[in-house]
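Notes follow the structure.
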Amino acid sequence: MNDVIHPTLSTTGATLGFIVSLTIVLISITIVIYVLMTLMFKNVLRVLGPLALNIIYFQMVYDACGYVSNGRELRSALGRWYVTTTPTARIILATILSIICIHAIYWILKQRREIINTFAIGESFDNLPMGIAFGGENGEVYQSNKIIESICEEFTGEYLLNANDFWRAVQRHARRNDDDITPEETPVIKREDNTYWLFTREKINIGIGEVYEYIAKDVTDEQNLITARNRGLNRLRDINKRLREYQHNVDDTVRREELLAAKMQVHDNMGTSLLTAKMYIKSEHSPVSASQVMQKWRNDLQLLYREGEDEPADAHILRLQDAASHLGIKLELMGELPKDFETLDLVYTGIQECMTNAFQHAKASQMYVAISKTDDEYVVSFSNNGEPVTHPVKEGGGLTILRKKAEKMGATIEYPEEKRFKIIMRIPFVR
Amino acid sequence: MIRVLIVEDDPMTRQLLELLISQSDKYEEVAAIDDAALAPVYCLNGDVDLILMDIRTAMRANGLDAAEKIKEKYPDIKVIICTSMPEYSYLERAKKIGVDSFWYKEVIKEDFFDLIDRTMAGEHIYPDDTPELMLGKASSKDFTDRELEVLKEIMNGASNQEIAEKLYMSVSTLKTHLQHLQEKTGYRNRTELAVRAREIGLVINDALDEDNME
């Protein structure tokens, strides 16, 4: 007990300063150790090391305080050293340790920010510009952010509790969507606020098993561009369609223009003829003869007569009947020829082919074409009174070409097993 | 007598040809029709020795397609193409098919009977070149073959990608051709180019009518 050191600090202020500086020193050393432990041992020692040291230092503080305030005996070596050292040395030590302590606190806070924990993940999810959620096979939601939760509420009226229900709601909305841009797996849906969202669901492996990742992405800008592009494409299609129609009609247009020019010419000629006639009647020594005047009028009248000639309404039938008649075949047509050009052209080709067949193979004198209509198609039958045919009918070049042409239009051709050659063609109405 | 089939959709020209044939004591008219697709039917009974064939006829039928069929089946029948359409590819195709003679109705001043007499004697009479036309600021002679092909395809209303694929060129090459066409003609866009080119008959996209002749 001879080594007991007696108090050297007698005033209350000095006692208080001693306690404060001792506390700072202890806290600083604790933090430094904590930091060192964190760097060196990561997990268990990071907690246990400082805890053990804190118990020791607590004992030291208790020791030093007891000595200073109550004159109790100093038991620990560190406490004894600290009490016996000079005040200046204590202050310098306290200052150095305080600086180290501030740095350590800063470092710890920084470390905390960089450590990813559940809350940090949730917070960062909420800051994403897209909706995201992870769910299990049975629909349990493991993680989700505010955006996808609000979309779920909009679509289902409920919180996002079951990811499978959410995905079903997405697909329901996709089917309801007016725009024709919603493939099953990646639907694009217009929301109530007129924004467009692209939804995807993908199964991913996260190491401990498979989960579904749900993503909702705002594609309003892209969608607006697509809409504008589609509008442009539609306009282009329309122009192209008109261009094709123009290609078909231009000959008629040019012919009409020529006819108009001819009519204007007739008008001018009539004026000349009138003047010539007037000159001939008024003048005794007219430079033109009566026959010249008559010829002018004849020419004009002939042109006027032809001007009124239009293609007869049954021109198509007459054209075909003339051709048949050239081959010595009488063509009988029952029903009306289709008005739509494509259908008319197919029937027309059918008649030509059957006419060739009736002449070359059947040696027919009569050919029959019957055209009728059902609710959605034309039914055209071609037959003749020629020689019997053997079944099944072998298609040659012409009939094969006819079939191909018919199939292009969605029409069908069949050969009923009748004594004489017959074709039945069914042509759907052109929409 | 040489038997003649007239295939011409313009009534005035048809009547003129009928008139000319009727004035001859060497030729007689078998029929005068306006639809080239029916011409092979008229050849079936061996009545025809010579055909005066227009190219663009009624029912959108193409006289060159009909001529091809006829030449295939009846090579002895002489065919004279009579057209006012200066489409650049018609002349070449007619030669390929084996058409006997080619007559630009509006520009050849040769005697009509001299033409058909020589054709019947086995000669092939073709004009040296297609008639020169003006498309905007440019003459039809100013265009390259490739530019004319592009011009023909834009008649179809196809997209750049489709045309490029069909003509085995890149889209950027196609755009260059289009740009040259616009620069040469002074037209502002492809639609105007296509419409004007078709109006004057410089290019006609027969592919649109192919189905009609099958």
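Listing for the model above:
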read-out: Residue check, B:Lys69 among the basic types (Lys, Arg), surrounded by fewer than 23 Cβ atoms within 10 Å (Cβ to Cβ), within 13 Å of chain A (Cβ to nearest Cβ) and assigned to a helix (DSSP H, G or I); value: yes
read-out: Cross-chain or 6+ apart pairs with Cβ under 6 Å, the range B:85-105 first and within 15 Å of B:Glu149 (Cβ to Cβ) and outside the structural domain of B:Ala66 (by TED's automatic domain parsing), then assigned to a strand (DSSP E or B) and modelled with pLDDT of 85 or more; value: none
read-out: Residue in the range A:133-156 that is within 18 Å of A:Lys190 (Cβ to Cβ), surrounded by 16 or more Cβ atoms within 10 Å (Cβ to Cβ) and either more than 22 Å from the chain's Cα centre (by Cα) or among the hydroxyl-bearing types (Ser, Thr, Tyr) (or both) present; value: yes
read-out: Given (1) surrounded by 21 or more Cβ atoms within 10 Å (Cβ to Cβ); (2) not in a strand (DSSP E or B), index of the condition A:Asn384 fails; value: (2)
read-out: Filter result (facing chain A (nearest Cβ under 9 Å) and part of a loop (DSSP other than H, G, I, E, B)) within the range B:31-56; value: B:Asp34, B:Asp35, B:Leu44, B:Asn45, B:Asp47
read-out: Hey, B:Ile6 within 16 Å of the chain's Cα centre (by Cα), crowded, with 19+ Cβ neighbours inside 10 Å and either more than 9 Å from every other protein chain (Cβ to nearest Cβ) or modelled with pLDDT of 95 or more (or both) or not; value: yes
read-out: B:Asp114, sole failed condition from (1) surrounded by fewer than 16 Cβ atoms within 10 Å (Cβ to Cβ); (2) without any contact (Cβ under 8 Å) to a residue 24 or more places away in the chain; (3) under 22 Å from B:Lys96 (Cα atoms); value: (3)
read-out: Residue within the range B:76-85 that is assigned to a helix (DSSP H, G or I) and within 15 Å of the chain's Cα centre (by Cα) present; value: no
read-out: Residue that is farthest from the other protein chains (Cβ to nearest Cβ) [pool: residues in the range B:146-159 that are touching a helix residue (DSSP H, G or I) at 6+ places or on another chain (Cβ under 8 Å) and part of a helix (DSSP H, G or I)]; value: B:Arg146
read-out: So B:Ala37, is it in the same structural domain as B:Ile6 (by TED's automatic domain parsing), crowded, with 23+ Cβ neighbours inside 10 Å and touching a Gly at 6+ places or on another chain (Cβ under 9 Å); value: no
read-out: Failed criterion for B:Met12 (all others in (1) within 12 Å of chain A (Cβ to nearest Cβ); (2) farther than 22 Å from A:His326 by Cβ; (3) in contact with a Lys or Arg (Cβ under 7 Å, 6 or more places away or on another chain) hold); value: (3)
read-out: B:Tyr168 assigned to a loop (DSSP other than H, G, I, E, B), on the phi > 0 side of the Ramachandran plot and at pLDDT 80 or above; value: yes
read-out: When residues of the range A:342-357 are limited to those that are out of contact with any helix residue (DSSP H, G or I) (no Cβ under 8 Å at 6 or more places or on another chain) and of a type outside the set (Ser, Thr, Tyr), the one farthest from B:Ala39 (Cα to Cα); value: A:Glu342
read-out: Single unsatisfied condition, A:Lys363 versus (1) surrounded by fewer than 17 Cβ atoms within 10 Å (Cβ to Cβ); (2) part of a helix (DSSP H, G or I); (3) not aliphatic (A, V, I, L, M); value: (2)
read-out: Filter pass, A:Ala370 being away from chain B (no Cβ under 11 Å), among the hydrophobic types (A, V, I, L, M, F, W, C) and surrounded by 14 or more Cβ atoms within 10 Å (Cβ to Cβ); value: yes
read-out: Candidates A:Asp376, A:Asp340 - the one that is touching a residue at least 60 places away in the same chain (Cβ under 8 Å) and away from chain B (no Cβ under 13 Å); value: A:Asp340
read-out: Any hit, the range B:183-194, residues being hydrophobic (A, V, I, L, M, F, W, C), within 14 Å of chain A (Cβ to nearest Cβ) and touching a strand residue (DSSP E or B) at 6+ places or on another chain (Cβ under 9 Å); value: yes
read-out: In the range A:400-431, the residues that are assigned to a loop (DSSP other than H, G, I, E, B), away from chain B (no Cβ under 14 Å) and either closer than 16 Å to A:Glu353 by Cα or in contact with a Leu (Cβ under 9 Å, 6 or more places away or on another chain) (or both); value: A:Tyr415
read-out: Residue that is away from chain B (no Cβ under 12 Å) and at pLDDT below 90, where the choices are A:His391, A:His361; value: A:His391
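Matching residues to (1) under 28 Å from A:Ala228 (Cβ atoms); (2) at pLDDT 90 or above:
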{"site": "A:Gln143", "(1), (2)": "no, no"}
{"site": "A:Asn162", "(1), (2)": "no, yes"}
{"site": "A:His173", "(1), (2)": "yes, no"}
{"site": "A:Ile189", "(1), (2)": "yes, no"}
{"site": "A:Asn194", "(1), (2)": "yes, no"}
{"site": "A:Arg201", "(1), (2)": "no, yes"}
{"site": "A:Ala216", "(1), (2)": "yes, yes"}
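The values are calculated or read from the model by the stated rules, or taken from the named source; none is laboratory data. The structure presented is a predicted model; accordingly, all values stated were derived computationally and were not measured. Every residue, glycine among them, receives a Cβ derived from its backbone with ideal geometry; neighbour counts consider all protein chains shown.
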